[in-house]
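The values are calculated or read from the model by the stated rules, or taken from the named source; none is laboratory data. Since we're looking at a predicted model, the values are computed, not measured. Ideal geometry is used to build each Cβ from the backbone, glycine not excepted, and the neighbour counts take in all protein chains shown.
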Amino acid sequence: MSHWVVVSLVFLGTLSFGLPVAFVLILSSFVGLVMLRGWDVALGAISTMPYAKTADAGMVVIPLFVVMGFLASRAGVSEKAYEVAFKFVGHLRAGLGIATVFACAAFAATSGSSVATSAAVGKIALGEMRRVGYDDMIAAGTVASAGLLGILIPPSIMLVVYGIVTEQHIGKLLIAGIIPGILTAGIFSLGLFILAVLRPGLMPIVGARVPWKERLSSLSQARGIALLFTIVVGGIYTGFFTSSEAAAVGASVALLMALMKKGVTWRDIVADGRESARICSMIFLILVGAGLFSQYVALSGVATGFAQAVVEVKINRYVLLGLILLIYVPLGMFLEPISMCLITLPIVFPAIQSLGFDGIWFGILITKMSELANITPPVGVNVYVIKGMAKDISLENVFRGASLFVLLEIIILVILIAFPGLSLWLPNLMFS
């Protein structure tokens with residue numbers, strides 16, 4: 001029996017039994033390496049890979065961005081973002097929903113996680129929308145979907161992981177997410193506004209128009225967000241900081257912000273550090289498994305064969321790109337985004353390069369496909385987060401509310417494919 005068939009059976013079998021993805025990758029890769037090169041090579045790989053994948057100083061960016069997001073949330077960044085956004089757009093049709101989208105966009109600039117963004121903003125926005133008469137389905141779907149901005153707008157953990165695996169410039173990847181993130185927030189808001197016009201009963205107008213003087217003065221509440229965004233994104237863009245340095249300074253500033261907030265104790269800070277460590281341990285273990293899987297794929301020649309087969313297919317390369325992206329639709333139904341990408345990139349990325357596509361641009365497209373995975377059944381992580389916050393709303397209704405944003409995400413994806421410059425313009429202007 002072919003080693004690839006055996007590895008696939010081991011992978012699917014262990015995954016179906018509920019084994020964590022990291023261990024599924026490690027076990028199936030080990031079996032493949034044993035079949036290809038024998039026990040000595042397999043044991044050597046499994047003993048050296050943990051150090052090889054985690055000892056790189058560049059990896060420090062992941063825990064620093066994770067802890068920065070937790071500390072920023074502890075400092076009340078999400079509440080302030082929501083208050084400012086509501087004063088600007090609360091009087092519009094779907095004003096609370098649009099304010100939620102912009103609050104998520106603002107918090108995303110301090111987080112890097114879609115789950116954290118949905119949870120942080122959802123604590124305020126979900127209850128408020130339901131209190132004023134928003135349809136439960138729309139309220140829950142909006143919070144779950146707006147949180148997706150957390151893995152696109154820098155600092156994005158997803159883009160950092162993509163850069164590590166594909167060896168693309170992490171700084172350029174983070175900067176590449178800015179315009180697509182703004183575009184996503186804009187189209188989400190427009191979609192909500194149009195729905196409110198067509199179905200006004202779903203989202204009543206609840207806010208009075210706030211004078212411009214008060215709106216502008218409220219921006220002072222967002223100074224923490226502006227400071228973190230300037231340090232991280234501005235520092236990377238100008239070349240003043242490397243990605244790791246920007247993450248370190250950003251995390252330090254977020255710590256000071258948290259300590260300055262009334263009521264925050266060192267016990268809270270330690271709790272945030274403990275949760276950050278738990279999340280980073282999971283990510284690092286998945287990276288170790290992905291490293292083993294990449295080694296197996298390289299030795300087996302699967303990636304090279306797939307890339308060659310793709311090039312030899314006599315159809316338009318954008319059609320091939322579309323077919324490759326479609327692979328992520330069913331995968332996203334059963335795997336969380338980081339695992340999904342780490343499993344596929346060793347095979348898919350060489351094919352993308354052979355087709356002549358830009359690696360930075362493809363990273364943004366993969367991130368958009370990962371966003372879809374976070375709100376589509378049965379493993380839409382953001383949906384389950386919101387369901388946990390509003391236990392009286394059925395899971396089906398949260399998924400139904402998110403379905404509008406699935407359509408909007410597809411529209412955004414098409415725009416980003418049609419106009420690569422939206423993703424590449426800012427990175428191409430960066431200082432080296």
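K123 passes every criterion in (1) at pLDDT 85 or above; (2) assigned to a helix (DSSP H, G or I) apart from (1).
All conditions but one from (1) without any contact (Cβ under 8 Å) to a residue 24 or more places away in the chain; (2) part of a helix (DSSP H, G or I); (3) of a type in the set (G, A, S) apply to G18; the one that does not is (2). Of the helices (runs of 4 or more DSSP H) contained entirely in region 256-340, those carrying at least 3 residues that are of a type in the set (G, A, S) and within 23 Å of M35 (Cβ to Cβ) fall at 266-300, 302-312.
If you go through region 271-324 and pick out every residue that is of a type in the set (S, T, Y) and either more than 30 Å from A52 (Cβ to Cβ) or in contact with a Lys or Arg (Cβ under 6 Å, 6 or more places away or on another chain) (or both), you end up with 1.
Of the helices (runs of 4 or more DSSP H) lying entirely inside region 358-432, those containing at least 2 residues that are charged (D, E, K, R) span 359-373, 395-418.
How many residues are among the small types (G, A, S) and surrounded by fewer than 15 Cβ atoms within 10 Å (Cβ to Cβ) when one looks only at region 12-64? Before the answer, list the steps.
Initially, region 12-64 is screened for residues among the small types (G, A, S), giving 13, 16, 18, 22, 28-29, 32, 38, 42, 44-45, 47, 52, 55, 57-58.
Cutting the leftovers down to surrounded by fewer than 15 Cβ atoms within 10 Å (Cβ to Cβ) gives us 13, 16, 18, 38, 44, 47, 52, 55, 57-58.
Of the residues in that region, 10 qualify.
Filtered by the rule that a residue be farther than 29 Å from I26 by Cα and surrounded by fewer than 16 Cβ atoms within 10 Å (Cβ to Cβ), region 255-287 gives L256, L259, M260, K261, K262, G263, T265, W266, R267, V270, A271.
Residue-by-condition table, conditions (1) farther than 30 Å from G127 by Cβ; (2) buried (at least 22 other Cβ atoms within 10 Å of the Cβ); (3) touching a Ser or Thr at 6+ places or on another chain (Cβ under 8 Å):
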| position | (1), (2), (3) |
| --- | --- |
| L326 | yes, no, no |
| M333 | no, no, yes |
| S354 | yes, no, no |
| P378 | no, no, no |
| N397 | no, no, no |
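If you filter region 83-94 down to residues that are surrounded by 24 or more Cβ atoms within 10 Å (Cβ to Cβ) and touching a residue at least 40 places away in the same chain (Cβ under 8 Å), you find that the one that is nearest to S217 (Cα to Cα) is F86. Taken as a whole, the condition of being more than 30 Å from L256 (Cβ to Cβ), modelled with pLDDT of 85 or more and not in a loop (DSSP other than H, G, I, E, B) does not apply to G13. Cβ separations smaller than 6 Å between residues 6+ apart or across chains give the following pairs from region 325-342 residues that are of a type in the set (D, E) to residues that are at pLDDT 75 or above: E336/V381. Exactly one residue among L198, L255 is modelled with pLDDT of 90 or more, of a type in the set (A, V, I, L, M) and closer than 30 Å to I410 by Cα, and that residue is L198.
Only one entry of S2, S73 meets the criterion of being out of contact with any Leu (no Cβ under 7 Å at 6 or more places or on another chain) and farther than 27 Å from F334 by Cα, and that entry is S73.
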